[in-house]
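Let me begin by presenting the structure, written as C-alpha cells, before commenting on it.
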Amino acid sequence: MNQVKILALGGLDEDGKNCMVVEINQQIIVIEAGLKYPDVDQLGIESIIPDFTYLIENKDRIAGIFITHGHDDVMSALPYLLKNTQIPVYTTPLTALMIEDQLKTHNITGIKVHRIKRFGQTVLNGIKVKTFGMTHSIADGYGIAIETPEGYIVYTSEFIIDFDIKTESFTCDITEFAEMGKKGVLALMTESVSADREGFTSPRHRIVNEIESSFEKEGGRIIVMLYEQNLYRLIEVIELANKYDRKIVFYNDSQRQYLKHVEKMGYYKIPVGLEIVKEKYNNKMENVLVIVSASGPNVFRTMHKIAMNEDNLIELSPEDTVIIASPVVPGTEREASTMENELYKEGCKVVSLDHRKVLSMHGSIEDIKMLINLFKPKYYIPIKGQYRHLVNNANIALNMGYNAGRIVVLDNGQVAQFDDGILKQTSTLLKLEEVMIDGNIHLDSSGMVLKDRETLATDGALVVGVVVNFKTKEVIGGPDVQSRGVIYLKDADYIVKEVGNILERTIVDMVKDGRYENMAARMEAKDKITRYILKETGKRPMILPAIVELNIQE
C-alpha cells in the first residue's frame, strides 16, 4: 500500500508561520518554516514560530526541507528548527544566501544549504521532487511537485499569473503546470490569502501608475516606505528614480545587503551613479529618493521614529513627500495608524496606496482558477490564510464543479491520510502549541508570561516585604510596601498600612498554628492582599510578597 500524509504545523487559520509536512511511505519532506508577527496585545513578543516537536521527534525520517522563497513567513523560523536537527535545506540561490545570513546571525553551523534550480528536479532518498518557477514579489520563488505512485503532490506557495513579466528570476511557465496535470496530480495545495479578490491580480500589483506623478512633479525629497523583502516593488521604485534622475539613499543597511545578494546573482543591478552612500548623505539634499525599509511591523516603527524627529539621518519638512508603499498586514495596524498620523502632523505630503487599486502579489480568484484548471488535481487543499480565506478558496473549487469530498480544508495539526490515492481519513490531530520568541527565549505555550505582562501593563504591581528571624519566626523588619501603577502611596496611606498588616498577620497566625513555611505564607498573603486590593481599588495588580529570613546570632 502506498500511503501519503499531509499536515500543516502552521499557516492554516492564521497569517504567516507557514510549515507543511508531506509523508510518503514514512519518509518526510518539509515545505517551509516561517514565522508570524504577534498581535499588539502579545506584549514583548518578537515573533511566533511553529511547534516543531513532531519534526524533532521524527528527525531521522526527514529527507529534507524546501524553502520556496525568501520571505519571513516561509523561512525565518528555520534557524529555530535547525538548532535541534541537522535537516538538509533545499532552495534557490538567492534564498540560500538569505538563509545563510540568518544561520550566521543565530550562530548555527554545519547545515548544508543545497542550491537547486527553479525549473529542475531533485531526488531525496529515492523520492523525485520537481521544482517549477512561480511569480511572486521576490526573485527565485518556486513551487514543488513531489512524485508519488498515485500522482504528484503539488505545492505552489505564493504566486500570481503575470504574462508580462520578462525577468527570468520572476517568471513562471504554465505549460509546466499543464504537463503535470496530464501526468496526474493527486493533491494541489494553493494559497488562500487573496481568494476573495475578483479577477486576476495582474496588472494591479504594480505601483508605478500610482506614484509616478510624485516623482515627476514634486521638487523635494521623496521618502518611500517598503517591506524589505519585496524585491519587485523595490525595483519599480528604483527604476522610477532613474527615470526622473533622483539619486537614491538606502536608509537600512540590511536592505543594501539584500540588494548585494540580488546583484551577486545577476537578477538586478542598480544603475551606475544612481546611489548615494548613506555616509555622504545630508538632510539638506533635495531631489533625492530615500528608501526606508524593514520587515513586518518594524517598517512602521522605523518611519514613526523619523516622523517624531528622533532620527539622526532624516529630519522631515513640509517639502517632503512620503509614499507608504508597504500595505498594512495583520499585526501592524496600530503601528501603521500611529505612524501615518505623525506624518500628517509634520506637514509633509503623504501618499498612501489604496489597497483596492494596488494589490499584493498573491493569487486572486482567476489566478487560482487557472492553476486548478491546469493541474486538474484529484484533491484540492487550500492553504495559507485565515479560515475565511481557506473557505473562500475551497468555494472556488466547489464552483468549478469539484465535489465537496475532493476539497480538503484542514486545521493546523490535522492529518489528511491518502491510501493508494484515496482520502481515507482526516481525524488524526496533532496537539500543537504556539511558540513565542522573546529575544533568544522560547516562552511557555500556556501564556503565563504574557498574562503577567498584561497584568503589569493594565493594573500594575504591588511589592510587600518583611524580615523574619529564622529561628523564632518573629517579624523583625518591615513591613515595606512599594506600588507601581496601582495607587499613589501618599494618597492611600491606609491601604499601604493594611497591606503590610495582612502579610504580618498571616505570618503570625501561621507560626501560632505551627504551619509556617515561607512559600505557603507568601501564597496565603498574596491571596488575601489580592482580595483586599480588588475590594478597595477595583484592580487586580500583580502581588509580590517577600519574606526574608535572617539567621540572627545570639
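Being within 28 Å of the chain's Cα centre (by Cα) and crowded, with 21+ Cβ neighbours inside 10 Å is the requirement here; does Phe170 meet it? Let's see the steps before the verdict.
Details: within 28 Å of the chain's Cα centre (by Cα): yes; crowded, with 21+ Cβ neighbours inside 10 Å: yes.
Criteria met by Phe170.
Considering Lys130, Lys83, which residue is over 20 Å from Leu35 (Cβ atoms) and of a type in the set (Lys, Arg)?
Values: Lys83 fails: over 20 Å from Leu35 (Cβ atoms).
From the options Lys130, Lys83, the qualifying one is Lys130.
Say whether the condition of being over 30 Å from Tyr152 (Cβ atoms) and modelled with pLDDT under 80 is met by at least one residue in the stretch 468-479.
In the first step, residues of the stretch 468-479 are kept if they are over 30 Å from Tyr152 (Cβ atoms); the result is 468-479.
Retained after the next criterion (residues that are modelled with pLDDT under 80): none.
Checked the stretch 468-479: no residue is over 30 Å from Tyr152 (Cβ atoms) and modelled with pLDDT under 80.
Can you go through Val496, Val511, Val486, Val468 and tell me which one is buried (at least 16 other Cβ atoms within 10 Å of the Cβ) and assigned to a strand (DSSP E or B)? Explain how you work it out, then say what you get.
Values: Val496 fails: assigned to a strand (DSSP E or B); Val511 fails: assigned to a strand (DSSP E or B); Val486 fails: assigned to a strand (DSSP E or B).
Residue meeting the stated conditions: Val468.
So in the stretch 190-214, with the set limited to residues that are in contact (Cβ under 8 Å) with a residue 40 or more places away in the chain and either assigned to a helix (DSSP H, G or I) or of a type in the set (S, T, N, Q) (or both), which one is farthest from Phe177 (Cα to Cα)?
Of the residues in the stretch 190-214, the ones in contact (Cβ under 8 Å) with a residue 40 or more places away in the chain are 190-207, 210-211, 214.
Cutting the leftovers down to either assigned to a helix (DSSP H, G or I) or of a type in the set (S, T, N, Q) (or both) gives us 190, 192, 194, 201-202, 210-211, 214.
Working: Thr190: 13, Ser192: 19, Ser194: 21, Thr201: 19, Ser202: 19, Glu210: 33, Ile211: 35, Ser214: 40 Å.
Here the residue is Ser214.
Please count how many residues of the stretch 10-41 are among the aliphatic types (A, V, I, L, M) and either outside the structural domain of Glu433 (by TED's automatic domain parsing) or within 11 Å of the chain's Cα centre (by Cα) (or both). Let's see the steps before the verdict.
Of all residues in the stretch 10-41, those among the aliphatic types (A, V, I, L, M) come to 12, 20-22, 24, 28-31, 33, 35, 40.
Cutting the leftovers down to either outside the structural domain of Glu433 (by TED's automatic domain parsing) or within 11 Å of the chain's Cα centre (by Cα) (or both) gives us 33, 35.
Count: 2.
Against the condition surrounded by 13 or more Cβ atoms within 10 Å (Cβ to Cβ), modelled with pLDDT under 95 and in a loop (DSSP other than H, G, I, E, B), how does Leu456 come out, does it pass?
On the way: surrounded by 13 or more Cβ atoms within 10 Å (Cβ to Cβ): yes; modelled with pLDDT under 95: yes; in a loop (DSSP other than H, G, I, E, B): no.
Considered against the rule, which asks whether it is surrounded by 13 or more Cβ atoms within 10 Å (Cβ to Cβ), modelled with pLDDT under 95 and in a loop (DSSP other than H, G, I, E, B), Leu456 comes out as no.
Keeping to the stretch 134-149, report how many residues are in a strand (DSSP E or B) and over 25 Å from the mean Cα position of the chain (by Cα). Working first, answer last.
First, the residues of the stretch 134-149 that are in a strand (DSSP E or B): 135, 142-148.
Subset that is over 25 Å from the mean Cα position of the chain (by Cα): 145-148.
Matching residues across the stretch 134-149 total 4.
Go through (1) assigned by TED's automatic domain parsing to the domain that holds Pro149; (2) farther than 26 Å from Gly199 by Cβ; (3) in contact with a Ser or Thr (Cβ under 9 Å, 6 or more places away or on another chain) one by one and return the number of the condition Thr321 breaks.
Failing condition for Thr321: (1).
Would you mind telling me which numbered condition in (1) modelled with pLDDT under 90; (2) outside any helix (DSSP H, G or I); (3) within 42 Å of the chain's Cα centre (by Cα) Ala546 fails?
Unmet condition: (1).
If the requirement is being buried (at least 21 other Cβ atoms within 10 Å of the Cβ), at pLDDT below 85 and either farther than 22 Å from Gly70 by Cα or more than 26 Å from the chain's Cα centre (by Cα) (or both), which of these qualifies: Ala307, Ala336? Steps first, answer last, please.
Working: Ala307 fails: at pLDDT below 85.
Checking each option against the conditions leaves just Ala336.
In the list Lys104, Lys17, Lys36, which residue meets the criterion of being closer than 24 Å to Tyr258 by Cα, charged (D, E, K, R) and free of Cβ contacts under 8 Å to residues at least 24 places away in the same chain? Even if it seems obvious, please write down each step before you answer.
On the way: Lys17 fails: free of Cβ contacts under 8 Å to residues at least 24 places away in the same chain; Lys36 fails: free of Cβ contacts under 8 Å to residues at least 24 places away in the same chain.
The unique qualifying residue is Lys104.
Since Gln229 meets every condition but one in (1) of a type in the set (S, T, N, Q); (2) within 17 Å of Ser293 (Cα to Cα); (3) assigned to a helix (DSSP H, G or I), which condition does it not meet?
(3)
Restricting the stretch 265-296 to residues that are over 18 Å from Ala325 (Cβ atoms) and either hydroxyl-bearing (Ser, Thr, Tyr) or within 27 Å of the chain's Cα centre (by Cα) (or both), which is surrounded by the fewest Cβ atoms within 10 Å (Cβ to Cβ)?
The extreme case among them is Met265.
Taking Tyr152, is it assigned by TED's automatic domain parsing to the domain that holds Ile381, among the aromatic types (Phe, Trp, Tyr), under 22 Å from the mean Cα position of the chain (by Cα) and in a strand (DSSP E or B)? Break it down into steps so the answer makes sense when it comes.
Working: assigned by TED's automatic domain parsing to the domain that holds Ile381: yes; among the aromatic types (Phe, Trp, Tyr): yes; under 22 Å from the mean Cα position of the chain (by Cα): no; in a strand (DSSP E or B): yes.
It is false that Tyr152 is assigned by TED's automatic domain parsing to the domain that holds Ile381, among the aromatic types (Phe, Trp, Tyr), under 22 Å from the mean Cα position of the chain (by Cα) and in a strand (DSSP E or B).
Can you tell me which residue among Thr85, Thr122, Thr131, Thr105 is within 22 Å of the chain's Cα centre (by Cα), among the β-branched types (Val, Ile, Thr) and either closer than 30 Å to Pro149 by Cα or crowded, with 22+ Cβ neighbours inside 10 Å (or both)? Let's see the steps before the verdict.
Values: Thr122 fails: within 22 Å of the chain's Cα centre (by Cα); Thr131 fails: within 22 Å of the chain's Cα centre (by Cα); Thr105 fails: either closer than 30 Å to Pro149 by Cα or crowded, with 22+ Cβ neighbours inside 10 Å (or both).
On inspection, the qualifying residue turns out to be Thr85.
Under 6 Å between Cβ atoms, at least 6 apart or on separate chains: pull out the pairs that start in the stretch 262-280 with a residue that is in contact (Cβ under 8 Å) with a residue 60 or more places away in the chain and in a loop (DSSP other than H, G, I, E, B) and end on any residue that is surrounded by 12 or more Cβ atoms within 10 Å (Cβ to Cβ) and among the β-branched types (Val, Ile, Thr).
Tyr268/Ile235; Tyr268/Val262
Right, Tyr387: crowded, with 18+ Cβ neighbours inside 10 Å, aromatic (Phe, Trp, Tyr) and under 26 Å from Glu14 (Cα atoms) or not?
Values: crowded, with 18+ Cβ neighbours inside 10 Å: no; aromatic (Phe, Trp, Tyr): yes; under 26 Å from Glu14 (Cα atoms): yes.
Against the criterion (crowded, with 18+ Cβ neighbours inside 10 Å, aromatic (Phe, Trp, Tyr) and under 26 Å from Glu14 (Cα atoms)), Tyr387 does not qualify.
Given (1) of a type in the set (Ser, Thr, Tyr); (2) farther than 25 Å from Lys217 by Cβ; (3) out of contact with any helix residue (DSSP H, G or I) (no Cβ under 8 Å at 6 or more places or on another chain), where does Tyr344 come up short, assuming only one miss?
Among (1) of a type in the set (Ser, Thr, Tyr); (2) farther than 25 Å from Lys217 by Cβ; (3) out of contact with any helix residue (DSSP H, G or I) (no Cβ under 8 Å at 6 or more places or on another chain), Tyr344 violates only (2).
In the list Asn373, Asn412, which residue meets the criterion of being at pLDDT 95 or above, in a helix (DSSP H, G or I) and not charged (D, E, K, R)? It would help to see each step written out before you state the result.
Values: Asn412 fails: in a helix (DSSP H, G or I).
Asn373 is the lone residue from the list that is at pLDDT 95 or above, in a helix (DSSP H, G or I) and not charged (D, E, K, R).
State which residue is surrounded by the fewest Cβ atoms within 10 Å (Cβ to Cβ) when the search covers only the stretch 246-261 and only residues that are among the charged types (D, E, K, R) and touching a residue at least 40 places away in the same chain (Cβ under 8 Å).
Taking the stretch 246-261 first, the residues among the charged types (D, E, K, R) are 246-247, 253, 256, 260.
Narrowing further to those that are touching a residue at least 40 places away in the same chain (Cβ under 8 Å): 246-247.
Working: Arg246: 21, Lys247: 17.
Residue satisfying both the conditions and the ranking: Lys247.
With respect to the numbered conditions (1) of a type outside the set (Gly, Ala, Ser); (2) over 44 Å from the mean Cα position of the chain (by Cα); (3) modelled with pLDDT under 90; (4) assigned to a helix (DSSP H, G or I), which one is the sole condition not fulfilled by Asn501?
Answer for Asn501: the failing condition is (3).
Tell me whether the stretch 82-89 contains one or more residues that are in contact with a strand residue (DSSP E or B) (Cβ under 8 Å, 6 or more places away or on another chain), assigned to a strand (DSSP E or B) and not polar (S, T, N, Q).
yes
Here's the yes/no breakdown for (1) more than 26 Å from Met75 (Cβ to Cβ); (2) out of contact with any helix residue (DSSP H, G or I) (no Cβ under 6 Å at 6 or more places or on another chain); (3) crowded, with 19+ Cβ neighbours inside 10 Å; (4) among the polar types (S, T, N, Q):
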residue: His205; (1), (2), (3), (4): no, yes, yes, no
residue: Ile211; (1), (2), (3), (4): yes, yes, yes, no
residue: Phe215; (1), (2), (3), (4): yes, no, yes, no
residue: Gly219; (1), (2), (3), (4): yes, yes, no, no
residue: Asn230; (1), (2), (3), (4): no, yes, yes, yes
residue: Glu239; (1), (2), (3), (4): yes, yes, no, no
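The values are calculated or read from the model by the stated rules, or taken from the named source; none is laboratory data. Bear in mind the structure is a predicted one, so any value in this text is a computation, not a measurement. Positions of Cβ are generated from backbone atoms using ideal geometry, with glycine treated the same way; all protein chains shown enter the neighbour counts.
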